[in-house]
Amino acid sequence: MQTMLLTVHDIRQIVAAMGIQTLMREMINALENAFRCYDPLTTQVPARAGFSYDQPFTGLLEWMPVLVHGQTVTVKMVGYHPHNPDQHELPTILSSIGTYDVRTGQLLALMDGTFLTALRTGAASGLAASYLAHPDSRVMGIVGAGAQAVTQLHAVAELFAIQKVCIYDVDKSATASFMNRTRFLGIPVQVMADDQLDELVRSADILCTATSTAIGSPPVFADTVTKPWLHINAIGSDFPGKTELPLTLVERAIVHPDFTEQALKEGESQRLVVDALGPPLYEVVQAPDKYAAERERLTIFDSTGWALEDAVAAELLLSHARRLQLGQTLHIQHTSTDPLNPYDFS
Ligand SMILES: NC(=O)c1ccc[n+]([C@@H]2O[C@H](COP(=O)([O-])OP(=O)(O)OC[C@H]3O[C@@H](n4cnc5c(N)ncnc54)[C@H](O)[C@@H]3O)[C@@H](O)[C@H]2O)c1
């Protein structure tokens with residue numbers, strides 16, 4: 001019995017073979033298809049659970065499972081350690097994904113989840129914008145210039161003719177390097193100073209908040225006059241007590257969570273009652289005409305990170321690995337010729 005192992009080396013080869021633009025486009029398409037076909041009777045996605053800690057380090061480790069009945073369970077383990085970039089030269093978000101066969105419980109595949117988390121989180125925001133943002137959106141604003149900001153811009157730029165991105169971060173080294181990290185997109189980047197944050201919000205057609213703001217911190221920008229059709233991808237609010245947007249703005253917007261049950265605990269929606277929310281994004285994807293008028297309105301995609309997105313991302317990568325004959329097959333789980341004897345290693 002073999003397990004397919006996909007390492008960073010394999011992912012690098014897949015990206016090289018496909019091109020990152022094609023891969024992002026495929027990720028968006030795969031998510032759109034999964035959202036359109038999503039049926040809770042056949043695919044079970046419980047809210048994630050995990051451990052959070054303040055001492056001796058600040059961090060969070062969570063597990064995010066998905067059951068596709070009769071087929072697989074996919075589980076992502078994801079860590080959030082906001083001091084990683086400064087203290088350990090590591091990404092804030094580190095992750096790995098395992099896929100199991102529900103017929104036998106066998107571990108089918110194990111792979112990096114850090115790249116996939118960034119790819120799918122960007123793709124989900126791009127997908128949300130493609131259904132909820134104004135079709136003529138040209139200016140994107142981003143608050144928080146870390147790892148996720150790259151894929152947030154990339155996915156939106158795949159779907160809209162973005163002519164300018166305005167970026168703000170409390171850490172000026174993050175904004176300084178953002179231009180290099182997104183140069184491949186060829187979009188002019190305007191770095192905004194502290195006193196230009198209001199201008200960033202006012203000028204945006206599509207806004208993304210992707211900060212590592214601390215629990216209980218004030219909003220990452222003050223409420224202001226926005227374009228009437230502003231669409232916001234709020235991705236950094238993903239833990240109880242951790243929110244990014246001004247409550248007054250959230251209250252006058254139409255809010256579509258990725259996963260309502262989880263968003264009510266962890267997302268911008270944690271400050272709202274369920275009746276104040278719009279339906280989750282997959283329902284918008286399943287009935288686009290019903291929500292088309294929202295492209296002229298203030299909308300928020302409350303993205304906490306839906307485990308279904310990870311299962312879709314893992315399957316996309318595995319399909320490319322199989323096609324390109326990448327990855328290693330390893331005998332990780334103990335099986336022997338005598339299934340009744342755990343001491344038999346024959
Ligand atoms: N919704 C999802 O599916 C999803 C997926 C991945 C990450 N996330 C969340 O997205 C956020 C960003 O993740 P990342 O990997 O880019 O982290 P990161 O550490 O690479 O970047 C975060 C950036 O936010 C900046 N920042 C912190 N407070 C700020 C503030 N008040 N104003 C402006 N900038 C501020 C930091 O200086 C840093 O550069 C995290 O909160 C993470 O939990 C959500």
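Just so you know, all these numbers are worked out from the coordinates, no wet-lab data involved. The model shown is predicted, which means the values in this text are computed figures rather than measured ones. Cβ sites come from the backbone with ideal geometry, for glycine too, and all protein chains shown count toward neighbours.
So the values come out like this:
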item: Extension gain (nm, one decimal) between residue 12 and residue 90, 0.36 nm per residue minus Cα-Cα; result: 26.3 nm
item: Dipole-positive endmost among 291, 180, 210 within segment 131-305 (Cβ charges, Cα centre); result: 180
item: Only Lys, Arg (+1) and Asp, Glu (-1) charged, at Cβ; the chain dipole about Cα centre in debye; result: 680
item: Shape category assigned to the chain from the gyration tensor of Cα positions, a/c cut at 1.5; result: prolate
item: Three-way shape call for segment 150-239 based on the alpha-carbon gyration tensor, with the a/c threshold at 1.5; result: rounded
item: Taking 63, 229 and counting other C-beta atoms within 10 Å, the order from fewest to most; result: 63, 229
item: Reachable lysines, given that their alpha-carbon falls under 19 Å from the alpha-carbon of residue 290 and they are not under 8 places away in the same chain; result: none
item: Kirkwood Rh, Cα atoms: Rg over Rh of segment 64-200; result: 1.06
item: Proxy reagent accessibility, fewest Cβ within 10 Å first, across 331, 256, 154; result: 331, 154, 256
item: Qualifying lysines (Cα of each under 23 Å from Cα of residue 164; at least 8 residues distant if same chain); result: 172, 227
item: Exposure proxy ranking, count of Cβ atoms within 10 Å, fewest first, for 138, 295, 48; result: 138, 295, 48
item: Beta bridge orientation in the chain: antiparallel %, DSSP, nearest 5; result: 55
item: Using alpha-carbon coordinates, inclination of helix 20-37 to the longest axis of the chain, degrees; result: 80
item: Dipole axis of the chain (+1 Lys, Arg; -1 Asp, Glu on Cβ), positive-most option in 319, 330, 270; result: 319
item: Three-way shape label, segment 131-305, alpha-carbon gyration tensor, a/c 1.5; result: oblate
item: Whole-angstrom gap from segment 289-309 to segment 42-77, using each part's C-alpha centre; result: 23
item: Hits among aspartates and glutamates - C-alpha to C-alpha of residue 265 under 13 Å, sequence gap 8 or more where chains match; result: 238, 302
item: Computed label-point distance, nm, for sites residue 69 and residue 286 using a 7 Å Cα→Cβ extension; result: 1.4
